[in-house]
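K.L.:
Below are the structure tokens for one structure; questions will follow.
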Amino acid sequence: MRKNTNMKFRNLKAPQVRGFLDLGTEIVGDLRFSDVLHLHGRLKGGIFSEGELVIGEHGLVEGNVEVAVLTLGGTITGNVVATEKIHLLSTGRVQGDIFTPILKVDEGAMLEGVVNTIRPNEKEPSTLIREPKSSILADTNGVHTG
């Protein structure tokens with residue numbers, strides 16, 4: 001008699017979509033949520049959750065993102081921390097550094113930044129995100145402007 005190895009997955013409760021921000025929606029400020037959020041609109045600010053974030057093809061985030069799971073079909077301009085995994089779809093775009101233990105990248109996705117593979121719970125997510133580096137111009141006297 002053959003054992004059903006998928007039995008344990010049948011008993012798992014699927015995450016429930018708790019929020020949906022559709023095309024035409026714009027939010028300014030930080031966003032916190034639980035479970036699953038689908039974002040197809042625009043957000044200027046940070047996103048913080050221990051849940052799953054799905055950003056649709058037209059979704060745009062201008063700010064840092066810290067979640068457990070990210071599926072990206074739209075654009076993020078900011079650093080991204082995913083404690084479990086990130087999937088960049090073919091239409092996904094990231095301008096910023098990525099910190100995650102698992103990264104799946106579909107053909108056509110774009111990334112302008114550094115990928116850092118971390119083990120789960122290796123570091124606290126908020127300590128991984130750095131502010132973007134500002135340009136510094138130095139003159140011959142060692143004083144900087146910029």
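The values are calculated or read from the model by the stated rules, or taken from the named source; none is laboratory data. From a predicted model like this one, the values you see are computed outputs, not experimental measurements. Every residue, glycine as well, gets a Cβ built from its backbone with ideal geometry; the counts of neighbours run over all protein chains shown. The area values use the complete protein model at the heavy-atom level, side chains included, leaving out ligands, DNA and RNA. Shrake-Rupley method; radii C 1.70, N 1.55, O 1.52, S 1.80 Å.
K.L.:
Taking θ as phi - 60°, what are the ³J(HN,Hα) couplings along region 22-31 by the Karplus curve (6.51, -1.76, 1.60), each to the nearest whole Hz, with x for Gly and Pro?
P.N.:
These are the phi-based 3J(HN,Hα) values: 7, 3, x, 8, 9, 10, 10, x, 6, 10 Hz.
K.L.:
What are the ³J(HN,Hα) couplings of region 51-57, residue after residue, when phi is run through the Karplus curve with 6.51, -1.76, 1.60 and θ = phi - 60°? Round to Hz, x for glycine and proline.
P.N.:
So the J values, rounded to whole Hz, are x, 10, 10, 10, 10, x, 3.
K.L.:
Give me the distance in nm between label points sitting 7 Å out from Cα along the Cα-to-Cβ direction at residue 23 and residue 104, one decimal.
P.N.:
2.5 nm
K.L.:
If you plug each phi of region 91-102 into the Karplus form 6.51 cos²θ - 1.76 cosθ + 1.60 with θ = phi - 60°, what whole-Hz ³J(HN,Hα) values come out, in order, with x for Gly and Pro?
P.N.:
9, x, 9, 10, 10, x, 7, 10, 10, 6, x, 10
K.L.:
Among 76-84, 102-110, what's the highest-first ranking by average C-beta atoms within 10 angstrom per residue?
P.N.:
My ranking of the peptides, most packed first, is 76-84, 102-110.
K.L.:
So for 32, 42, what's the accessible-area order with a 1.4 Å probe, most first?
P.N.:
32, 42
K.L.:
Run through all the Cα pairs of region 27-106 and give the fraction in each 5 Å bin from 0, expressed as whole percent.
P.N.:
Per 5 Å bin, starting at 0, the Cα pair percentages come out as 4, 17, 32, 32, 12, 2.
K.L.:
While we're here: Using a Förster distance of 22 angstrom, determine the FRET efficiency expected from the C-beta separation of residue 30 and residue 118, and round it to 0.05. It would help to have the intermediate numbers written out before the result.
P.N.:
Working: r = 23 Å, r/R0 = 1.03.
The pair residue 30/residue 118 has a calculated efficiency of 0.45.
K.L.:
While we're on this one: When the gyration tensor of region 46-87 is built from Cα positions, what are the square roots of 5 times its three eigenvalues, in whole Å, from largest to smallest?
P.N.:
Semi-axes (√(5λ), whole Å): 15, 11, 8.
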